[in-house]
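Comments concern the structure below.
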Amino acid sequence: MIIVEGLHPLYTERLRSLIDFKIFVDPSRSVKRLWKVRRDVGERGYNPEQVKAEILQREPDYKLYIDVQKIYAEIVVKVQDSRFHPSLLDTEPKPELYSVRLIQQMLEHPVPEVDLAIDLSKILRTSEHEFSIEFQRDDYYGKKVGIMTIDGEIHQSMIAELEKKLGDTLGTYAVISDRREEYVNAIGVSQLILTWSCLEKLQHLMGYRR
């Protein structure tokens, strides 16, 4: 498997024809600025004002040459600020929360079933963290898509079946989500779903070529 990562992997028709599975990560403006300031100031030692000025300077080019590439992706991953906020009564620091929207082109080939089990009774009794999962169908740049939106933090037990299925397929459990944490945020859940989607596409292509 070859992974192509960067700003322009979907920009030309030639490049797109060579990529079997296309993913476009599309953070909101506020999230993108937060991540860039944190990296450039915290890790690279830049001045915060310089980083913010550079972001504004590059935005027109981003809209012209990068943002447009998402229309060719099979999955668009939109990362936004969470609508859940820490309670004023909380005394311990909370991890950053995000809302992740997976916009996935409807598949035209059959795939194995996988369960994303949700025990509502257990959630009502024991869950101490807020979360939401929504799903809808829509059109996205002329394509039929399914849109799953995940927000907040989900208990590990809710994704155990998906983890097991991935582990069985990959032949290992070492790369699945971090079991040291009782809860998984929306980005972690989305990574599992994206991994499963990638494996589905890989299995389809290998079966087709045989």
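Okay, here's what the table says:
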{"read-out": "Order by protection proxy (mean Cβ within 10 Å, highest first), peptides 32-42, 49-59", "value": "32-42, 49-59"}
{"read-out": "Likely footprinting exposure, 145, 184, fewest C-beta neighbours within 10 Å first", "value": "145, 184"}
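Read-outs: derived from the displayed coordinates by stated rules, not from any lab. No experiment lies behind these values; they were computed from the predicted model shown. Every residue, glycine among them, receives a Cβ derived from its backbone with ideal geometry; neighbour counts consider all protein chains shown.
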